[in-house]
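Asker: The structure under discussion is supplied below as structure tokens; questions concerning it will follow.
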Amino acid sequence: VQLQASGGGLVQPGGSLRLSCAASGSFISINIMGWYRQAPGKMRELVAAITSGGVTNYADSVKGRFTISRDNAKNTVYLQMNSLKPEDTAVYSCNARIARLGLQDYWGRGTLVTVSS
């Protein structure tokens, strides 16, 4: 199983970016998909998560600015980030809880988001 993330980059404060993460490989189903981030010198934190049924959960710091969604047919999760702030600068990683022989967490390679003028 592989998770391929894309969409990071440099954006000015107030700007927008969209991250994507696609799961591939052999598995039965994908349970929860989510995005985490880690800023320099800080612990990794959950940004947003979404269940297979579409129930979402957001960190307080991104509520109203970020939107997580998923396309179950494409095994892909998206993170639309609007009104970006310098404090959103971090390496963003996608995570998926996948059913194979049991439930297991898989991680994609992080993508850097830099918010700076």
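The values are calculated or read from the model by the stated rules, or taken from the named source; none is laboratory data. Predicted model, so just to flag it, every value in this text is computed and none were measured. Here the Cβ is made from the backbone with ideal geometry for all residues, glycine too, and neighbour counts use every protein chain on show. SASA here: full protein model, heavy atoms, side chains in, ligands and nucleic acids out. Shrake-Rupley method; radii C 1.70, N 1.55, O 1.52, S 1.80 Å.
Asker: Open to solvent by 20 Å² or more (accessible area, probe 1.4 Å), at pLDDT 95 or above and closer than 23 Å to T114 by Cβ: does that describe Y92?
Answerer: No; evaluated as a whole, the condition is false for this residue.
Asker: Also: Residues of the stretch 16-36 being in contact (Cβ under 8 Å) with a residue 40 or more places away in the chain and either at positive phi or open to solvent by less than 20 Å² (accessible area, probe 1.4 Å) (or both), which ones?
Answerer: L19, C21, A23, I30, M33, G34, W35 - these are the residues of the stretch 16-36 that are in contact (Cβ under 8 Å) with a residue 40 or more places away in the chain and either at positive phi or open to solvent by less than 20 Å² (accessible area, probe 1.4 Å) (or both).
Asker: Same structure, new question: Any chance the stretch 52-62 includes a residue that's closer than 22 Å to G8 by Cβ, charged (D, E, K, R) and either assigned to a strand (DSSP E or B) or open to solvent by 60 Å² or more (accessible area, probe 1.4 Å) (or both)?
Answerer: Checking the stretch 52-62: not a single residue is closer than 22 Å to G8 by Cβ, charged (D, E, K, R) and either assigned to a strand (DSSP E or B) or open to solvent by 60 Å² or more (accessible area, probe 1.4 Å) (or both).
Asker: Can you confirm whether R97 is of a type in the set (D, E, K, R), touching an Asp or Glu at 6+ places or on another chain (Cβ under 9 Å) and open to solvent by less than 40 Å² (accessible area, probe 1.4 Å)?
Answerer: no
Asker: Please determine, by comparing only the residues of the stretch 63-81 that are open to solvent by less than 50 Å² (accessible area, probe 1.4 Å) and in contact (Cβ under 8 Å) with a residue 24 or more places away in the chain, which one is farthest from V1 (Cα to Cα).
Answerer: Among them, the one singled out is M81.
Asker: Next question. Please specify each residue of the stretch 7-51 satisfying the condition of being in a loop (DSSP other than H, G, I, E, B) and β-branched (V, I, T).
Answerer: I28, T51
Asker: May I pose another question? Can you find a residue in the stretch 103-114 that is loosely packed, with under 13 Cβ neighbours inside 10 Å and assigned to a loop (DSSP other than H, G, I, E, B)?
Answerer: There is no residue in the stretch 103-114 that is loosely packed, with under 13 Cβ neighbours inside 10 Å and assigned to a loop (DSSP other than H, G, I, E, B).
Asker: Given the residues G34, G64, G25, which is the only one that is of a type in the set (G, A, S) and modelled with pLDDT under 95?
Answerer: None of the others qualify; the one that does is G25.
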